[in-house]
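K.L.:
Can you keep this structure in mind? I'll have questions shortly.
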Amino acid sequence: MAVTRKSIGTRSFLVGVVILLLMLLVAYKFFYEKIVHGDEARKVVDQKEQVVIPAIRGDILAVDGRKLACSINEYTICMDPCADGLNKYFDKEIDSLAYCLSKFFKDKSASEYKKYICNARAKGRRYIRLCPTGRRLSLTEKNIVKNFPILRRGKNRGGYLEEESGARERPFGLLAARTVGALYADKDLGGRHGLEQSFDKQLRGVNGTGEKICIGGRWLNQVNTEPEDGFDVHTTIDIDIQDVAEHSLLNQLKMRNAVYGLAIVMEVKTGAIKAIVNLKKNRNGDYDEDYYNFAVGQLVEPGSTFKLATMMACLEDGKAKPQDTINIFGGHFKIYDRILRDSHEGDETVISIEEGFARSSNVAFARLAMKSYGDNPQLFIDRLRDLGLCDSLGLDIKGEDKTYIKNYKDKGWSGISLPWMSIGYEVQITPIQLLSFYNAVANDGKMMRPMLVQSLDKNGSVYRSYNPTVIRSSIASRSTIKTVQAMLKGVVDHGTAKNISNTPYKIAGKTGTAQTIVDPKLGYEKKYLASFAGFFPADKPLYSCLVMVYGAQNGYYGNVVAGSVVKDIADRLYAAEVKNGNINLNSEVKLTEVLPYSKGGKADDMKRVLNDLNLAHNSIKSDADWVSAKAQGNDINLKEKHIVTSQVPDVRGMGASDAVNIMEKIGLKVSISGYGHVSQQSLAPNSTAIHGSQIVLTLTN
């Protein structure tokens, strides 16, 4: 059909009219928004909120890199009940959402949740919290709630919102909790105790800054400065040593119904603290890591463990020799108006000073001090200071107190002060200071600063190293050190600690049993502080150790109450050193005929130990990673344990270290409870393993 010039003109006119109308509409809209709603629009666009972008707090690591405390993400689930795309689904699915929330949180009924959300929607509220007050969700829990009806549709169509925050977690439960301090972290994760407090600045990092800008009713996030994450604090704590120290100490506290106890293990050459335990009975009669660090800050009258200092003072000043004799008057001696007694009285009179040290005779050492320093007590006090007993340790952790040794001219000095100080009374010293003194003797006189931190790390690299520090190059002459080393061996060989001498290696140390007054208002009720300080192996010391137990009711002597804990720790450490090839087994050591119990673990480790002990066992595949072990007849039956990353492994029967290692490798978050081997696990073996899920391992003996 032919197109006429007239029809073309008509069409062009109509197109022009349409374009003109559109232009007028745009102009009107612009004028309307600019003039009529301009102020309001500008106000909306200009709404800004300054926000802090928190840095990720650094981890606290054990010596092998395992986490003692770490930051994890927690979530609060929120909702915009007036989201633009919600209208289509709200009425249809609100009942299902309310039911799921009620069943999951168990704090309100489904009808209460529905009323809460509907009321907020009716009032036009754009932001409500669905989590109960104070409740935060793990990643696994968040993913569950995120898939509830309505919320599963996301932010725009389901109104789903979430808030992310940090929380502090201790993967090994109460293990070293007081030293780590994570249990007592405050709301913004700044520690108030332990390493969390002492290294708070390094752990905390530097927060970033940003803005929330509201445009057209929608909030947009804008980062101005990126946060700088905190450093990881790499400690000297050995989880395995810490575990055996806590386990053994806890057993003694329960057995003796004691008030509290502490244990410290130090590496002789470096001063590195491998374990530090503080356990106190709580209101429920159980024991847990106390808020107060007794090992670092508690001043105590040490009792007989202080006799080592008295002996060294006399040797250094040429006042006595070990073979010299002294009259102990049957272990009963009057000094002014006081009667001084030995723990075992009898008819014996004259003994050697060496024997008096081995049997811990109070009379022998009180009389030795009076004979040596009676005419010049200040010489004795000055010598004690020369031994480094009053030196500030400058610990990595806060709370250190100062040793108190009175002077001759002090107001509290009396005629019994000198003899009483010689046996560990009328002096006050912290446990870690006392151990540092014993460690110096083990280290041939060199006093090391106790160190809890070996480095600050970031992204797996060392940022700053903390090297071993010498406080005193020598606290006494070489001859004095060698003499008292031999005397400390004698205490265990034939003295008060003979009960812990049955070992394939030698332990050297000194027992202590001090009487202390709890409260004068209670009629001067006396309680005992049982202690043992020493080192092992005695001939070539690798570790020093101090154990103190206060208020034991069922037996209170240091050799039994504290010495047995030291022996447990020493046995474990000795076995580890043999395994690592640092100590050769004595060929004369006789093994028991009873096959040993084993928790199972890494295949290579099990085979090496069994071969070193010459124990028969079946062969397994060379590429096997993990095995279980069971004694059958005269053989050890090893069975390969297959680990499937998509399934929860069965770690029952394993030790904590291996079990945690396996669980963490497949992405599970582990908490442990108890001591010994794994007897129960909260997630069933062979069930589906969800990355990031929490699993609780219950340990029993």
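The values are calculated or read from the model by the stated rules, or taken from the named source; none is laboratory data. Since the structure is predicted, the reported quantities are computational estimates derived from the model, not experimental observations. For neighbour counting, all protein chains shown are included, and Cβ atoms are generated from backbone atoms with ideal geometry for every residue, glycine included. In case anyone asks, the SASA skips ligands and DNA or RNA and just uses the protein heavy atoms, side chains included. Shrake-Rupley method; radii C 1.70, N 1.55, O 1.52, S 1.80 Å.
K.L.:
What residue, among those in the stretch 543-563 that are aliphatic (A, V, I, L, M) and touching a Lys or Arg at 6+ places or on another chain (Cβ under 8 Å), is nearest to Ala258 (Cα to Cα)? Spell out the reasoning first.
P.N.:
Filtering the stretch 543-563 down to residues aliphatic (A, V, I, L, M) leaves 546-549, 552, 560-562.
Those left that are additionally touching a Lys or Arg at 6+ places or on another chain (Cβ under 8 Å): 549, 552, 561.
Details: Val549: 7, Ala552: 4, Val561: 10 Å.
Checked the stretch 543-563; the qualifying residue nearest to Ala258 (Cα to Cα) is Ala552.
K.L.:
Next question. Among the residues of the stretch 535-563, what is the count of those that are open to solvent by less than 30 Å² (accessible area, probe 1.4 Å) and closer than 24 Å to Asp240 by Cβ? Outline the logic, then answer.
P.N.:
Going residue by residue through the stretch 535-563, those that are open to solvent by less than 30 Å² (accessible area, probe 1.4 Å) are 535-538, 541, 543-549, 551-552, 558, 561-563.
Next, from what is left, pick out any that are closer than 24 Å to Asp240 by Cβ: 535-538, 541, 543-549, 561-563.
Selection size over the stretch 535-563: 15.
K.L.:
Looking only at the stretch 52-70, count how many residues are at pLDDT below 80 and either in contact with a helix residue (DSSP H, G or I) (Cβ under 8 Å, 6 or more places away or on another chain) or in a strand (DSSP E or B) (or both).
P.N.:
Residues of the stretch 52-70 at pLDDT below 80: 52-54.
Next cut, either in contact with a helix residue (DSSP H, G or I) (Cβ under 8 Å, 6 or more places away or on another chain) or in a strand (DSSP E or B) (or both) only: 52-53.
Residues meeting the conditions: 2.
K.L.:
Further question: Taking the stretch 446-463 as the region of interest, how many residues are basic (Lys, Arg) and surrounded by 18 or more Cβ atoms within 10 Å (Cβ to Cβ)?
P.N.:
2
K.L.:
Considering only the stretch 670-682, state which residues are surrounded by fewer than 19 Cβ atoms within 10 Å (Cβ to Cβ), under 19 Å from Arg170 (Cβ atoms) and either modelled with pLDDT of 80 or more or basic (Lys, Arg) (or both).
P.N.:
Listed by number, the list holds a single entry, Ser682.
K.L.:
Provide a single number: the residues in the stretch 350-362 that are crowded, with 24+ Cβ neighbours inside 10 Å and out of contact with any helix residue (DSSP H, G or I) (no Cβ under 6 Å at 6 or more places or on another chain).
P.N.:
Going through the stretch 350-362 one residue at a time, the tally reaches 2.
K.L.:
Taking Thr403 as meeting all but one of (1) in contact (Cβ under 8 Å) with a residue 24 or more places away in the chain; (2) touching an Asp or Glu at 6+ places or on another chain (Cβ under 8 Å), write down the number of the exception.
P.N.:
Checking Thr403 against (1) in contact (Cβ under 8 Å) with a residue 24 or more places away in the chain; (2) touching an Asp or Glu at 6+ places or on another chain (Cβ under 8 Å), the one that fails is (2).
K.L.:
What are the residue pairs meeting all of these: first residue in the stretch 225-244, first residue of a type in the set (Phe, Trp, Tyr) and modelled with pLDDT of 90 or more, second residue open to solvent by 30 Å² or more (accessible area, probe 1.4 Å) and in a helix (DSSP H, G or I), Cβ atoms under 7 Å, and 6 or more apart or on different chains?
P.N.:
Phe231/Gln202
K.L.:
What tally of residues in the stretch 333-351 results from selecting those that are in contact with a Lys or Arg (Cβ under 9 Å, 6 or more places away or on another chain) and farther than 16 Å from Leu368 by Cβ?
P.N.:
2
K.L.:
Between Tyr287, Tyr260, Tyr292, which is open to solvent by 40 Å² or more (accessible area, probe 1.4 Å), within 30 Å of Ile241 (Cα to Cα) and among the hydroxyl-bearing types (Ser, Thr, Tyr)?
P.N.:
Result of the check over Tyr287, Tyr260, Tyr292: Tyr292.
K.L.:
Being without any contact (Cβ under 8 Å) to a residue 60 or more places away in the chain and either hydroxyl-bearing (Ser, Thr, Tyr) or open to solvent by less than 70 Å² (accessible area, probe 1.4 Å) (or both) is the filter here, so list the residues in the stretch 115-142 that pass it.
P.N.:
Tyr116, Ile117, Cys118, Ala120, Arg121, Gly124, Tyr127, Ile128, Leu130, Cys131, Pro132, Thr133 - these are the residues of the stretch 115-142 that are without any contact (Cβ under 8 Å) to a residue 60 or more places away in the chain and either hydroxyl-bearing (Ser, Thr, Tyr) or open to solvent by less than 70 Å² (accessible area, probe 1.4 Å) (or both).
K.L.:
Give just the number: which of (1) part of a loop (DSSP other than H, G, I, E, B); (2) under 37 Å from the mean Cα position of the chain (by Cα); (3) not acidic (Asp, Glu) does Lys409 not satisfy?
P.N.:
Failed condition: (2).
K.L.:
Shifting gears a bit: List the helices (runs of 4 or more DSSP H) inside the stretch 321-392, counting only whole elements, that have at least 1 residues being of a type in the set (A, V, I, L, M, F, W, C) and under 22 Å from Tyr404 (Cβ atoms).
P.N.:
On the way: elements: 353-358, 362-373, 377-386.
Where helices (runs of 4 or more DSSP H) fall fully within the stretch 321-392 and carry at least 1 residues being of a type in the set (A, V, I, L, M, F, W, C) and under 22 Å from Tyr404 (Cβ atoms), they are 362-373, 377-386.
K.L.:
With the requirement that a residue be of a type in the set (D, E, K, R) and either within 11 Å of Arg449 (Cβ to Cβ) or open to solvent by less than 30 Å² (accessible area, probe 1.4 Å) (or both), what does the stretch 387-399 give you?
P.N.:
Let us first name the residues in the stretch 387-399 that are of a type in the set (D, E, K, R), namely 391, 396, 398.
Correct list: Asp391, Asp396.
K.L.:
Please specify each residue of the stretch 637-666 satisfying the condition of being in contact (Cβ under 8 Å) with a residue 60 or more places away in the chain and either open to solvent by less than 10 Å² (accessible area, probe 1.4 Å) or of a type in the set (A, V, I, L, M) (or both).
P.N.:
Within the stretch 637-666, Ala656, Val660 qualify.
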